[in-house]
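Structure record follows, encoded as structure tokens.
The values are calculated or read from the model by the stated rules, or taken from the named source; none is laboratory data. Here the structure is a predicted model, which means the values were calculated and not measured. Quick reminder, even Gly has a Cβ in these numbers, built from the backbone with ideal geometry, and neighbours come from all protein chains shown.
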């Protein structure tokens with residue numbers, strides 16, 4: 001009887017001690033799990049904080065780049081940047097606005113993409129070669145471009161292609177019709193106008209360029225006056241009166257300087 005009681009006591013003690021160790025083990029596991037979870041939370045918060053800081057740095061960099069753009073287009077770029085979308089810029093015009101390698105639009109596209117990045121700016125180039133503004137309007141050649149709904153249109157409106165073919169009053173009507181098509185597709189579009197390249201020994205053509213400049217002013221379209229950059233026109237155009245290698249370089253350089261503030 002006495003031996004049985006002793007054995008029962010030892011067994012009870014073993015169970016209690018074993019239970020104690022088991023419980024302590026469970027507690028340690030719970031504590032370790034809680035610590036690991038806490039560390040994961042801290043690590044997640046750290047990653048999130050770093051991500052927010054990186055996003056803020058990028059946002060400030062974007063705003064700084066936008067400050068280097070012409071004032072007329074800065075609001076558009078800020079709006080699109082806030083939406084996390086690039087500005088869809090379209091460069092369009094006649095054979096003077098060629099989409100061939102080495103032509104000024106292609107050079108400008110590469111330079112602006114490098115400067116502002118794909119996240120801020122997407123540039124497309126569209127040449128409607130060998131056509132007057134009247135043919136473009138009547139044949140609806142501009143309509144597929146308008147359907148693309150660009151945010152920013154840089155248009156060279158066939159000034160040279162129209163030269164000696166269409167009087168200036170009719171040209172401006174054609175221009176208004178073309179621009180109306182773009183505005184119909186995107187009422188918020190920002191439009192910049194610029195003349196075709198200059199040509200040597202011209203009499204009426206410079207007068208027509210002045211009329212285009214007046215039209216832009218009257219209709220509140222920013223005007224890119226690149227003619228002042230052409231110092232030796234005769235050596236900068238081909239026999240067909242289109243920009244040659246040097247002419248394309250002059251035009252491209254002016255356009256890049258227009259869209260990129262080097263002092264910023």
Does residue 253 fit the bill of being under 23 Å from residue 98 (Cβ atoms) and at pLDDT below 95? no
So is residue 201 surrounded by fewer than 17 Cβ atoms within 10 Å (Cβ to Cβ) and within 30 Å of residue 80 (Cα to Cα) or not? no
Only one of (1) surrounded by fewer than 23 Cβ atoms within 10 Å (Cβ to Cβ); (2) touching a strand residue (DSSP E or B) at 6+ places or on another chain (Cβ under 7 Å) fails for residue 154. Which number is that? (1)
Answer residue from region 207-221, given it is over 17 Å from residue 251 (Cβ atoms) and touching a helix residue (DSSP H, G or I) at 6+ places or on another chain (Cβ under 9 Å) and is surrounded by the fewest Cβ atoms within 10 Å (Cβ to Cβ) among those: 207
Applying the selection to region 161-177, what residues are surrounded by fewer than 23 Cβ atoms within 10 Å (Cβ to Cβ) and either more than 31 Å from the chain's Cα centre (by Cα) or within 22 Å of residue 198 (Cβ to Cβ) (or both)? 163, 164, 165, 166, 167, 168, 169, 170, 172, 174
